[in-house]
Amino acid sequence: MTDLSGRVALVTGGTRGIGLATVRALVDAGATVVLTGRDEARAKEAASAAGAAAGLALDVTDAKAVSSLVRGVAKEHGRLDIVVANAGIMEDALLGMIREELVDTTLSTNVAGTLHTVQAAARAMMRKKTGSIVVLASIVGEYGSAGQTVYAASKAAVANIARSAAKELGRSGIRVNAVAPGVIETDLTAGLSEDAKAENAGKTPLGRLGRAEDVANAIRFLVSDEASFITGQVLGVDGGLVL
Ligand code: NAD
């Protein structure tokens, strides 16, 4: 079993889905975990249910708020070893239906939000010259997806945030990787019709959709010492699905 005792971790968007499963996986491995959510009451509730040390309100589109929250967590706990930039949104729109507002919200949350989190994490980890960051890309960032041009573009950018930051931060002892989930059953994909779910499961070599825990297990591996020579990678967690 992975041992993360003594480590301090931060998970953004940790109130539900993949984020919450990741919080639980890190807590189970012995880490002290702080989670964030957009709503303070929900963040506190999720933190106490999952055994996290704290649940804090954070909108990742706000660079200053991200910076001060990450600094505060590192200060309060004396260190910050693990940051999972999980917060993200997905809204479908065919090319002709893409509104400017959708472009703005998707890019500011998924791309800028991830970037703010990685920057703040790197700053906090730089002092001890050690740390591990994981960002949430997606299978559609690799292959593209009809009706998801904006989301797919944002997730391709996220994968490249990991690859580029890994190159910059390696000499400082900080690893940066991405996970690229396939279709995972969470609130994000709850709108998929049963037919669409069955079709995706049918196309998946492992014969089912993913669970939040599947992704959380991969993240726990990537942030652990077992992955100490792995950086700049985008790990598919998709049951072998090719879109
Ligand atoms: P979810 O919708 O259940 O959870 C997303 C979380 O991000 C929520 O807690 C939400 O409050 C938070 N969030 C959204 N915008 C935010 C903001 N501006 N500031 C702070 N928090 C914000 O989704 P999920 O399925 O658990 O997805 C988690 C991550 O995994 C996302 O980045 C998503 O794009 C990615 N992903 C999911 C799937 C899937 O099939 N579910 C596939 C590939 C990638």
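The values are calculated or read from the model by the stated rules, or taken from the named source; none is laboratory data. As the structure is a computational prediction, the values presented were derived from the model and not from experiment. Here the Cβ positions follow ideal geometry from the backbone for every residue, glycine too, while neighbour counts run over all protein chains shown. Accessible surface is based on the protein model in full, side chains and every heavy atom, while ligands, DNA and RNA are left aside. Shrake-Rupley method; radii C 1.70, N 1.55, O 1.52, S 1.80 Å.
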Before we move on, is VAL183 at pLDDT 95 or above, under 20 Å from LEU20 (Cα atoms) and hydrophobic (A, V, I, L, M, F, W, C)? yes
Qualifying positions in segment 163-185 - among the basic types (Lys, Arg), surrounded by fewer than 22 Cβ atoms within 10 Å (Cβ to Cβ) and either touching a strand residue (DSSP E or B) at 6+ places or on another chain (Cβ under 8 Å) or on the phi > 0 side of the Ramachandran plot (or both): ARG163
Residue tally, condition of a type outside the set (Asp, Glu), within 22 Å of SER5 (Cβ to Cβ) and not in a loop (DSSP other than H, G, I, E, B), over segment 15-35: 13
Looking at segment 41-49, is at least one residue under 20 Å from GLY141 (Cβ atoms) and within 19 Å of the chain's Cα centre (by Cα)? no
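Would you list the helices (runs of 4 or more DSSP H) that sit entirely within segment 63-162 and hold 2 or more residues that are open to solvent by 60 Å² or more (accessible area, probe 1.4 Å) and more than 25 Å from GLU185 (Cα to Cα)?
On the way: elements: 63-77, 100-106, 113-126, 139-143.
It comes to 63-77, 100-106, 113-126.
How about segment 39-59: which of its residues are small (Gly, Ala, Ser), surrounded by fewer than 16 Cβ atoms within 10 Å (Cβ to Cβ) and in a helix (DSSP H, G or I)?
Quick first cut of segment 39-59, residues small (Gly, Ala, Ser) only: 41, 43, 46-55, 57.
Narrowing further to those that are surrounded by fewer than 16 Cβ atoms within 10 Å (Cβ to Cβ): 41, 48-49, 51, 57.
Residues satisfying the conditions are ALA41, SER48, ALA49.
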